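Asks: Below you will find the structure I want to go over with you.
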Amino acid sequence: MSTLAVVRGSRAAWAFGVLALTWTAAVVFADGFDSGSSFGYLVQTASFLGIVAVGQTLVIIMSGIDLSVSGVVALSAVVCAKVASGTGGATGILVALALSALVGAVNAAGVVWLRVPPMVMTLATGTILAGALLVYTDGSPSSAEVPLLDSLANGRVLGVPWAFVLWLGVTAVAGWLLHASRTGRYAFALGSGESAARASGVPLAATAFTAYVGCALLAGVAGLVMLGFTGTSSLTMGNPYQLLSIASVVLGGTSILGGRGHLLGTVGGALLLTLLTALLTSWNLSEGVRQVVLGVLIIGLLLVYARERRA
């Protein structure tokens, strides 16, 4: 096993180690965390964030970032709800996913061909989406009953939420793409240095399109699952996932500068953030205090990773 693989594994282990400690604290110091139903609800709700975070990992590994995921989550849910109410759930799902992929392609085109910095390009795209959805819906939430999405979001198989099974499946496919395919090697190469990667023949455009389209598609999938979970879409339903998806990636040990990371750590990061948010909420702490605690946790793990890298 290579030294790089060991480092990646240890970073993921840190995320899961902190997750285990946080769960122990929740069971001891808070009510309602010591049951199987609580754990099932945790992994079910963590799946929404986790699916978005998997896509965010694909982009960050290649030294990019996607600040439009919150808009894509809302776009997917709103469009599906609107279309499903008129022509059926299957059509709504297909249209929502097609539009999500289109947003990812626009992001990639701006980054690759227009040479717009990823942060600026995706932030602009997200802003456009927010405005377009406001015009499209006139600011009103949309409701829809799509049996497939309802089963996917709320159903269980052998006691395990289908949403969690979907998350694991998405992670497995993305993990193969990132860690076992040529495209994944290209993504890591770009994250380590674009000039050197370009000189080595790495196809920048194809790799960027794969990452950004994949990220947007997964944000769209998360929006659909959330629509099935709540039965309602809103313009702000994706807002929490913009920064939390990035935080999940960072907590999982992936370098925000690209070139280093592992999807397994992202899974641990998403579970940790979901659990910590639930724990702090159960203690009736204010939103400001919760944000401070989450920020301190992220900084603490970053310091651990920095020390590990120096060692």
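The values are calculated or read from the model by the stated rules, or taken from the named source; none is laboratory data. The shown structure was predicted, so the numbers you read here are calculated from the model rather than taken from an experiment. Neighbour counts run over all protein chains shown; Cβ positions are idealised from the backbone, glycine included.
Asks: So which residues in region 155-179 are farther than 19 Å from Ala270 by Cα and assigned to a helix (DSSP H, G or I)? I'd like the intermediate steps shown before the answer.
Replies: Taking region 155-179 and keeping what is farther than 19 Å from Ala270 by Cα, we get 155-159, 176-177, 179.
Trp176, Leu177, His179 - these are the residues of region 155-179 that are farther than 19 Å from Ala270 by Cα and assigned to a helix (DSSP H, G or I).
Asks: Output the residues belonging to region 156-185 that are surrounded by fewer than 16 Cβ atoms within 10 Å (Cβ to Cβ), within 16 Å of Val221 (Cα to Cα) and of a type in the set (Gly, Ala, Ser).
Replies: Scanning region 156-185 gives Gly169, Ala172.
Asks: Same structure, new question: Hey, among Gly126, Gly139, which residue is modelled with pLDDT under 95 and either within 26 Å of Ala187 (Cα to Cα) or loosely packed, with under 14 Cβ neighbours inside 10 Å (or both)?
Replies: Of the residues listed, the single one that is modelled with pLDDT under 95 and either within 26 Å of Ala187 (Cα to Cα) or loosely packed, with under 14 Cβ neighbours inside 10 Å (or both) is Gly139.
Asks: Tell me whether region 211-228 contains one or more residues that are over 27 Å from Ile298 (Cα atoms), touching a strand residue (DSSP E or B) at 6+ places or on another chain (Cβ under 7 Å), of a type in the set (Val, Ile, Thr) and surrounded by fewer than 24 Cβ atoms within 10 Å (Cβ to Cβ).
Replies: Among the residues of region 211-228, not one is over 27 Å from Ile298 (Cα atoms), touching a strand residue (DSSP E or B) at 6+ places or on another chain (Cβ under 7 Å), of a type in the set (Val, Ile, Thr) and surrounded by fewer than 24 Cβ atoms within 10 Å (Cβ to Cβ), which makes the answer no.
Asks: Another one. Starting from region 62-84, take each residue that is more than 19 Å from Met119 (Cα to Cα) and surrounded by 24 or more Cβ atoms within 10 Å (Cβ to Cβ) and list its partners that are modelled with pLDDT of 95 or more and of a type in the set (Ser, Thr, Tyr), counting only C-beta distances under 6 angstrom and pairs at least six apart or across chains.
Replies: Ser76/Ser100
Asks: Now a separate question. Which of the residues that make up region 110-121 are in a helix (DSSP H, G or I) and in contact (Cβ under 8 Å) with a residue 12 or more places away in the chain?
Replies: Looking only at region 110-121, we keep the residues that are in a helix (DSSP H, G or I), and these are 110-112, 118-121.
Across region 110-121, the qualifying residues are Gly110, Val111, Val112, Pro118, Met119, Met121.
Asks: Then there's this: Which numbered condition in (1) under 14 Å from the mean Cα position of the chain (by Cα); (2) at pLDDT 95 or above; (3) more than 29 Å from Ala205 (Cβ to Cβ) is the only one that Ala77 fails?
Replies: Evaluating Ala77 over (1) under 14 Å from the mean Cα position of the chain (by Cα); (2) at pLDDT 95 or above; (3) more than 29 Å from Ala205 (Cβ to Cβ) leaves (1) as the failure.
Asks: Any idea which residue in region 229-286 is surrounded by the fewest Cβ atoms within 10 Å (Cβ to Cβ), counting only those that are under 27 Å from Val83 (Cα atoms), over 15 Å from the mean Cα position of the chain (by Cα) and not polar (S, T, N, Q)? It would help to see each step written out before you state the result.
Replies: Within region 229-286, the subset under 27 Å from Val83 (Cα atoms) is 229-242.
Remaining after also requiring over 15 Å from the mean Cα position of the chain (by Cα): 229-236.
Adding the requirement that they be not polar (S, T, N, Q) leaves 229, 231, 235.
Numbers: Phe229: 19, Gly231: 16, Leu235: 22.
So the residue we want is Gly231.
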